[in-house]
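For reference, the structure is listed below as structure tokens.
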Amino acid sequence: MNKEQAKNRIENLRKQVEYHAKRYYDDDDPEISDFEYDMLMVELRNLEKEFPEFKSKESLTQKVGGHVKEGFTKVTHEVPLQSLQDVFSIEEVEEYINKIEERKIEEKIKENRYVVETKIDGLSAALEYKNGKFIRGATRGNGIVGEDVTENLKTVKTIPMELTEKIDIIVRGEVFISKDDFEKMNQEREANEEELFKNARNAAAGSLRQLDSKITAKRPLDIYIFNVQKIEGKTFDSHFEELEYLSKLGFNVNPVRIACNTMEEIKQAIKKIGEDRESLTFGIDGAVVKVDNLKFREILGTTAKTPRWAVAYKYPPEKKQTIVKNIICQVGRTGVITPMAILEPVVVAGSTISKTTLHNEDFIKQKDIRIGDTVVIQKAGDVIPEIVEVIKEKRPKNSKEFKMPDRCPVCGAEAIREEGEAAIRCTGIECPAKLNRNLVHFVSREAMNIDGLGENIIGQLLERKLIENIADIYALKFEDIASLKKNGSKFAQNLIDSIERSKQNDLSKLITALGIRHVGAKASKVLAKKYKDIDNLMEASVEELAMIEDIGPIVANSIREFFIQDQTKDLIKRLKESGVNTKSLEEKNIDERFSGQTFVLTGSLENFTRQEASDIIEKFGGKTSGSVSKKTSYVLAGEDAGSKLTKARELGINIITEEQFREMIK
């Protein structure tokens with residue numbers, strides 16, 4: 001490679017590394033694996049070494065990645081939180097140790113042992129204590145300046161708010177989410193049709209860097225402390241001694257720390273951590289070899305980015321070949337049908353893998369995965385197994401392309417894929433796989449508003465088979481409900497009364513409760529007003545529905561698909577038989593003073609809730625919208641109105657106060 005080629009490649013690599021570092025450190029949403037990122041850095045570092053004339057202080061080989069997120073207060077670290085130099089072979093570890101040993105002889109250091117620790121896969125943070133009390137916590141950021149996340153760190157149960165000694169100290173630790181907790185989080189997100197976290201590290205980082213500490217408190221964060229950054233009134237000779245002292249203070253200290261005297265012992269320690277990797281409750285992305293003698297550390301010093309007294313050995317990702325024995329489909333709580341590969345069991349990174357998600361139809365086509373294929377499996381982030389490659393040369397001659405079902409494998413209802421979406425969904429409202437979620441929505445406040453019938457009670461009713469579909473709510477008996485609680489008579493009567501009241505709801509509430517995709521409370525009101533009766537809505541054509549303002553072709557298709565299903569027809573029939581109202585209760589409004597006018601509400605109102613104000617506007621024939629545009633007639637601005645008010649002023653929209661609005665509705 002000549003100089004010009006080297007220069008171009010270095011520039012290209014720097015752009016790639018900076019982009020992926022931003023995705024990893026700032027956005028907590030990486031696009032590539034840690035290993036792929038590491039390989040880019042290794043290539044960049046080697047080229048900069050070979051062509052030193054192209055070195056730059058701005059290169060990420062010379063500084064720590066990461067920036068302070070907007071919304072957080074900046075914290076300047078008293079002692080920089082540096083990153084470690086990575087190596088990828090035992091030979092490189094040996095080369096590092098040889099250099100340290102040579103320096104030891106030069107400096108006439110008599111004793112020098114090493115400590116090998118797990119490199120925890122999380123987010124680095126500094127904790128500061130004054131007189132033994134926790135006063136501040138900050139992320140690493142760029143190593144010099146981090147983010148003040150004190151309130152978020154207070155929600156981490158393993159961080160002591162007060163130490164066993166009244167001492168001034170700053171410690172460094174790694175915030176992480178355990179393997180089991182990470183798996184549970186992703187299972188819940190999958191069930192709720194939320195995007196899965198790519199790995200535990202980014203889940204932990206995203207959780208700690210929330211601007212709202214209430215969100216952080218809901219996440220199962222943990223921490224291991226691994227270093228003393230600064231301490232007043234106390235000195236230590238060794239790192240191992242420091243760690244023991246931190247444990248006595250009440251810190252949750254990195255549990256894997258192996259003292260070593262020779263290179264052979266270091267090799268064995270790295271090997272042991274690698275072998276035990278799968279049995280650890282937390283994720284690791286390597287083993288750290290540290291000089292134990294603290295005075296020797298001072299002599300060795302640091303570079304701008306890394307300490308010279310430590311190195312991180314990165315374990316290579318393990319990949320194995322296996323065979324796809326079958327592809328089955330599972331139905332989630334939201335009705336999304338997910339293909340799953342059933343595999344010939346294979347041990348990867350210490351655990352037996354017998355199945356893995358294939359995500360969706362597009363993923364299968366992109367990888368061209370077929371039943372009988374030999375595939376390469378690896379565990380993404382050492383947690384989630386995934387197919388990374390198909391070995392086409394080993395494909396059986398009689399293999400067939402897999403096709404997603406056009407019917408739900410659980411209930412037989414039509415399965416559809418909407419334009420612009422990757423997911424295929426079951427359309428059946430009585431599908432057992434979706435029943436729990438459908439019930440919770442049906443009884444919710446914005447829907448049928450059955451007070452007392454919460455998620456916990458619904459779970460008990462399903463478990464005891466007291467309800468098997470939505471209509472069964474209206475067949476519940478007093479004694480069935482009373483049996484759910486000790487002395488449950490009062491609770492049962494209140495719930496029976498609430499169920500009875502719900503029968504008198506307006507048609508718009510029922511339409512909302514049915515949970516038709518893309519149809520919320522607002523669209524339900526429009527449909528109830530237009531069709532007056534559920535039967536009229538059930539017979540409406542796609543073309544007719546699409547002509548309604550605020551509906552459009554996508555929503556129209558969704559409505560039609562829903563009402564042509566046999567399960568929907570059966571549910572409506574049973575609801576009618578139970579006495580549930582299926583007609584509009586709204587009388588024709590003769591006062592349409594706001595007809596053709598669109599209101600946007602912003603800020604907090606003193607005498608109305610937003611819903612009450614919206615209902616009044618709609619009662620007088622007007623509409624409400626969530627965003628300001630040239631079509632907006634009025635912006636009703638309350639206290640603390642924000643960006644919508646600013647945009648209204650820019651567009652010259654009529655801005656009215658709550659007092660003016662009250663005059664308009666007299």
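The values are calculated or read from the model by the stated rules, or taken from the named source; none is laboratory data. Everything numeric here is computed off the predicted structure, so don't read it as measured data. Cβ: placed from backbone, ideal geometry, glycine included. Neighbour counts: every protein chain shown.
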Output for segment 474-508, where each listed residue is closer than 19 Å to E463 by Cα, touching a Phe, Trp or Tyr at 6+ places or on another chain (Cβ under 8 Å) and in a helix (DSSP H, G or I): I481, A482, A492
Criterion (of a type in the set (S, T, Y) and not assigned by TED's automatic domain parsing to the domain that holds Q565) met by exactly one of S399, S444: S399
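Table: residues versus (1) within 20 Å of K110 (Cβ to Cβ); (2) not aliphatic (A, V, I, L, M).
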residue	(1), (2)
D222	no, yes
F226	no, yes
H239	yes, yes
N252	no, yes
A259	yes, no
I270	no, no
D285	no, yes
T303	no, yes
Candidate set: segment 289-299, residues that are buried (at least 18 other Cβ atoms within 10 Å of the Cβ) and hydrophobic (A, V, I, L, M, F, W, C); chosen: the one nearest to I109 (Cα to Cα): F296
Residue pairs within 7 Å by beta carbon, gap of at least six or interchain, first lying in segment 76-101 and over 13 Å from N142 (Cα atoms), second of a type in the set (F, W, Y) and assigned to a helix (DSSP H, G or I), listed first then second, are V87/Y96
Hey, does segment 189-202 have a residue that's within 29 Å of L127 (Cα to Cα), buried (at least 22 other Cβ atoms within 10 Å of the Cβ), touching a Lys or Arg at 6+ places or on another chain (Cβ under 8 Å) and not polar (S, T, N, Q)? yes
Residue selected from segment 597-628 under the condition assigned to a loop (DSSP other than H, G, I, E, B) and among the aromatic types (F, W, Y), by the criterion surrounded by the most Cβ atoms within 10 Å (Cβ to Cβ): F608
Filtering segment 221-258 down to residues that are part of a loop (DSSP other than H, G, I, E, B) and under 36 Å from the mean Cα position of the chain (by Cα), which residue is surrounded by the fewest Cβ atoms within 10 Å (Cβ to Cβ)? P255
Go through T352, T357, T338, T334 for me and flag whichever is closer than 26 Å to F197 by Cβ, touching a Gly at 6+ places or on another chain (Cβ under 8 Å) and not hydrophobic (A, V, I, L, M, F, W, C). T338
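One line per residue, one yes/no per condition, for (1) farther than 24 Å from L81 by Cα; (2) of a type in the set (A, V, I, L, M, F, W, C); (3) crowded, with 17+ Cβ neighbours inside 10 Å:
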{"site": "E94", "(1), (2), (3)": "yes, no, no"}
{"site": "N98", "(1), (2), (3)": "yes, no, no"}
{"site": "E101", "(1), (2), (3)": "yes, no, no"}
{"site": "I105", "(1), (2), (3)": "yes, yes, no"}
{"site": "V115", "(1), (2), (3)": "no, yes, yes"}
{"site": "A126", "(1), (2), (3)": "no, yes, yes"}
{"site": "Y129", "(1), (2), (3)": "no, no, yes"}
{"site": "K133", "(1), (2), (3)": "no, no, no"}
{"site": "G137", "(1), (2), (3)": "no, no, yes"}
Only unsatisfied item for F442, checking (1) modelled with pLDDT of 90 or more; (2) surrounded by fewer than 17 Cβ atoms within 10 Å (Cβ to Cβ), is (2)
For segment 637-666, enumerate the residues that are among the acidic types (D, E) and surrounded by 13 or more Cβ atoms within 10 Å (Cβ to Cβ). E658
Is it true that A433 is within 30 Å of G283 (Cβ to Cβ) and in a loop (DSSP other than H, G, I, E, B)? no
Residue by residue through segment 398-424, note down the ones that are assigned to a strand (DSSP E or B), basic (K, R) and modelled with pLDDT under 90. none
Being touching a residue at least 40 places away in the same chain (Cβ under 8 Å) and polar (S, T, N, Q) is true for just one of Q611, Q565. Which residue is that? Q565
Can you work out which of the residues in segment 522-548 that are among the small types (G, A, S) and surrounded by 15 or more Cβ atoms within 10 Å (Cβ to Cβ) is nearest to T582 (Cα to Cα)? A528
Among what's in segment 145-166 and is more than 27 Å from the chain's Cα centre (by Cα) and surrounded by fewer than 16 Cβ atoms within 10 Å (Cβ to Cβ), pick the residue that is nearest to Q210 (Cα to Cα). M161
How many residues, within segment 577-596, are farther than 17 Å from S508 by Cα, part of a loop (DSSP other than H, G, I, E, B) and of a type outside the set (A, V, I, L, M)? 7
If only one of F176, F182 is in a strand (DSSP E or B) and crowded, with 16+ Cβ neighbours inside 10 Å, which one is it? F176
Just need a number here: residues in segment 70-89 that are closer than 14 Å to V288 by Cα and assigned to a strand (DSSP E or B). 2
Selected residue (criterion: modelled with the lowest pLDDT) from residues of segment 259-317 that are part of a loop (DSSP other than H, G, I, E, B) and of a type in the set (G, A, S): A304
If I ask for residues that are in a helix (DSSP H, G or I) and more than 19 Å from T338 (Cα to Cα), which ones from segment 360-397 would you list? K392, E393, K394
In segment 512-536, residues that are of a type in the set (V, I, T) and within 31 Å of the chain's Cα centre (by Cα) total 3
Tell me which residues, restricted to segment 593-618, are closer than 25 Å to I534 by Cβ and not polar (S, T, N, Q). D615, E618
Of the residues that sit in segment 447-466 and are β-branched (V, I, T) and farther than 16 Å from R333 by Cβ, which one is surrounded by the fewest Cβ atoms within 10 Å (Cβ to Cβ)? I457
If you go through V171, V149, V156, V145, the only one that is modelled with pLDDT under 95 and closer than 15 Å to F251 by Cα is V156
Considering only residues that are aliphatic (A, V, I, L, M) and in contact with a Gly (Cβ under 9 Å, 6 or more places away or on another chain), look in segment 617-666 and name the one that is farthest from G596 (Cα to Cα). A641
Got a sec? Which of I572, I551 is of a type in the set (V, I, T), within 26 Å of D472 (Cβ to Cβ) and buried (at least 18 other Cβ atoms within 10 Å of the Cβ)? I572
With outside any helix (DSSP H, G or I) and out of contact with any Asp or Glu (no Cβ under 8 Å at 6 or more places or on another chain) as the only criterion, which of I559, I548, I511 stands out? I548
